[in-house]
Amino acid sequence: MPTDDIQVVWEVSDTADFVTIATRGQERATAENGHSVHAIATLPAGSGFYRFRVGQYVSPVGITRAAPSGEVPEVRFAAASCQNYQNGYYAAHRDIADRAPDFMLWLGDYIYEGAGAEAADPAARVHLGPEPTTVEEYRNRYARYKSDLNLQAAHAVCPWFVIWDDHEVENNYAGITPQTVAESSEFAERRFAAYRAWWEHQPVRLPPPIGPDSEYRIYRQASWGDLLNVALLDGRQYRSDQACGDIVLSLDPPCAESADPTRTMLGDAQEQWLLDTLTKSTSQWNVVGNQVVLANATLNGAILNYDQWDGYPVAREQLLGSVHTANVPNLIVITGDIHLAAVGYLTNEGAAVGVEFVTTSVSSSGLIAAEFEEVLRGIPDLVDAELAHRGYSFHTVTPEQWLAEYRIVADASLPDSEVSTYAEYRVDSGSSTVVSGV
Ligand code: FE
Ligand code: CA
């Protein structure tokens, strides 16, 4: 891109042909901000079409909508995460665009930071360049991902709520601790560059991050009329480092460090904010957009994955205990990260206090072999698990019931792969019981 600033006009219309313009404005796309613009349009109720213009050039048309207020009879939304460009195509996004949800809930791992792979197949999709550490390198990575037409279609079809997970910066980072301790001294600068590129490239109503030594707050609340109270979490920026060297798939008893009561997942301020958001809510359903699996997925006491809430057991006990005591009604947690589909109960002192829907990856390769499906299904707090497919989850919510449909991609190596329904799960209002196969 040139270093000049560029004036961008945005327009909103009630119709896709833009014969009449409902509202318009201008933003300056500056080189400093990677030529991104964050235009905030005041929309009438309902959906609207939008586009951008620079000189004679006109962008494709997108659809957005203002979050409704008051009584809402139904909402339909998609939840998705983990779209490693090198691992496969985005048939899941094509299916999301076809279904035209009211909104998308993006749970993280929008980009992956790995260096470009040497692909044996010349037609395979690969990252370009080294592992990003500078803002220019992260920008280029976002540009690569956003060149995908199915991803563009999913963005154009509805507004997105976006949170991040680890790969927007680096695998399994924790606060300002990088994966490789030797890189600690440069990590705050690297994380700032990654956060900055994230802000530039995501449709978020947030100010940019201000510096490597400052908090960048992205946890926030949204409402969808009286139907949904949505809490969007940040499970990376404030967490304690993973215990016991972040081992995975160990069947040994948990190491002592994991039970240290000072260890945190969300940090004190965010945890208090989350409890306030949940306990003050008057919405029918309380929804949490969450990074890593919250349900107890330990196997005979062993922590299979120290990066998940299982590796932060005291913090989880405190959170779910508070939710239990406060009697937070109709709690639904939606989670990504782990590249498998699962449904679980969130329990405290033997009682279910909520339900967790874990959405599988859009394209990122599975981390656990499909032959372990039965083992995962046998974990007491898990209702179901599907390990063999990529996909996403689709949620249809009314005041009376929550319906989660798990969509799976037949073959993620094909952009036009068939996408079908693996299973549906229902939760009735006032109940924390999952009914499968509805
Ligand atoms: Fe991932
Ligand atoms: Ca992740």
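Hey, can you tell me all the residues within the range 422-434 that are in a strand (DSSP E or B) and closer than 14 Å to Phe357 by Cβ? First the steps, then the outcome.
So in the range 422-434, the residues in a strand (DSSP E or B) come out as 422-428, 434.
If the condition is that a residue be in a strand (DSSP E or B) and closer than 14 Å to Phe357 by Cβ, then Tyr422, Ala423, Glu424, Tyr425, Arg426, Val427, Val434 are the ones that fit.
Against the condition among the hydrophobic types (A, V, I, L, M, F, W, C), touching a residue at least 40 places away in the same chain (Cβ under 8 Å) and within 16 Å of ligand 2 (Cβ to nearest atom), how does Ala194 come out, does it pass?
Working: among the hydrophobic types (A, V, I, L, M, F, W, C): yes; touching a residue at least 40 places away in the same chain (Cβ under 8 Å): yes; within 16 Å of ligand 2 (Cβ to nearest atom): yes.
Answer is yes for this residue.
From the list Gly129, Gly116, which residue is surrounded by fewer than 18 Cβ atoms within 10 Å (Cβ to Cβ), at negative phi and more than 15 Å from ligand 1 (Cβ to nearest atom)?
Details: Gly129 fails: at negative phi.
None of the others qualify; the one that does is Gly116.
Residues checked against (1) assigned by TED's automatic domain parsing to the domain that holds Glu32; (2) modelled with pLDDT of 95 or more; (3) touching a strand residue (DSSP E or B) at 6+ places or on another chain (Cβ under 8 Å):
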{"residue": "Trp224", "(1), (2), (3)": "no, yes, yes"}
{"residue": "Gln237", "(1), (2), (3)": "no, yes, no"}
{"residue": "Asp241", "(1), (2), (3)": "no, yes, yes"}
{"residue": "Ile247", "(1), (2), (3)": "no, no, no"}
{"residue": "Ser250", "(1), (2), (3)": "no, no, yes"}
{"residue": "Arg263", "(1), (2), (3)": "no, yes, no"}
{"residue": "Ala269", "(1), (2), (3)": "no, yes, no"}
{"residue": "Asp276", "(1), (2), (3)": "no, yes, no"}
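Condition first: more than 16 Å from ligand 1 (Cβ to nearest atom), assigned by TED's automatic domain parsing to the domain that holds Pro253 and over 23 Å from Val427 (Cα atoms). Can you find one or more residues in the range 348-367 that meet it?
So far as the range 348-367 goes, no, none of its residues is more than 16 Å from ligand 1 (Cβ to nearest atom), assigned by TED's automatic domain parsing to the domain that holds Pro253 and over 23 Å from Val427 (Cα atoms).
Filter the range 283-324 down to the residues that are within 16 Å of ligand 1 (Cβ to nearest atom) and assigned to a strand (DSSP E or B) and list them by number.
Gly289, Asn290, Asn305, listed by residue number.
If a residue counts only when it is within 28 Å of Pro44 (Cα to Cα) and charged (D, E, K, R), which strands (runs of 3 or more DSSP E) contained entirely in the range 59-163 have at least 1 such residues? First the steps, then the outcome.
Numbers: elements: 62-65, 75-80, 103-106, 160-162.
It comes to 62-65, 75-80.
Yes or no: Tyr219 more than 16 Å from ligand 1 (Cβ to nearest atom) and under 30 Å from Asn330 (Cβ atoms)? Steps first, please.
Working: more than 16 Å from ligand 1 (Cβ to nearest atom): yes; under 30 Å from Asn330 (Cβ atoms): yes.
Yes: the conditions hold for Tyr219.
Listed residues Ala269, Ala297; which is among the small types (Gly, Ala, Ser) and in contact with a helix residue (DSSP H, G or I) (Cβ under 8 Å, 6 or more places away or on another chain)?
Details: Ala269 fails: in contact with a helix residue (DSSP H, G or I) (Cβ under 8 Å, 6 or more places away or on another chain).
Just a single option satisfies the conditions, and that option is Ala297.
May I ask you to list the residues in the range 35-81 that are within 16 Å of ligand 2 (Cβ to nearest atom) and polar (S, T, N, Q)?
If the condition is that a residue be within 16 Å of ligand 2 (Cβ to nearest atom) and polar (S, T, N, Q), then Ser81 is the only one that fits.
Within the range 168-203, how many residues turn out to be among the hydrophobic types (A, V, I, L, M, F, W, C), surrounded by 17 or more Cβ atoms within 10 Å (Cβ to Cβ) and part of a loop (DSSP other than H, G, I, E, B)?
From the range 168-203, those among the hydrophobic types (A, V, I, L, M, F, W, C) are 169, 174, 176, 181-182, 187-188, 192-194, 197-199; that's our starting set.
Filter once more, so that each one left must be surrounded by 17 or more Cβ atoms within 10 Å (Cβ to Cβ): 169, 174, 187, 192-194, 197-199.
Narrowing the set further to residues that are part of a loop (DSSP other than H, G, I, E, B) leaves 169.
Summing the residues that are among the hydrophobic types (A, V, I, L, M, F, W, C), surrounded by 17 or more Cβ atoms within 10 Å (Cβ to Cβ) and part of a loop (DSSP other than H, G, I, E, B) in the range 168-203 gives 1.
Checking Val181 against (1) within 16 Å of ligand 1 (Cβ to nearest atom); (2) out of contact with any strand residue (DSSP E or B) (no Cβ under 7 Å at 6 or more places or on another chain); (3) among the hydrophobic types (A, V, I, L, M, F, W, C), which single condition isn't satisfied?
In the conditions (1) within 16 Å of ligand 1 (Cβ to nearest atom); (2) out of contact with any strand residue (DSSP E or B) (no Cβ under 7 Å at 6 or more places or on another chain); (3) among the hydrophobic types (A, V, I, L, M, F, W, C), Val181 misses (1) alone.
The values are calculated or read from the model by the stated rules, or taken from the named source; none is laboratory data. Small disclaimer: the values here were computed from a predicted structure and weren't measured. Neighbour counts run over all protein chains shown; Cβ positions are idealised from the backbone, glycine included.
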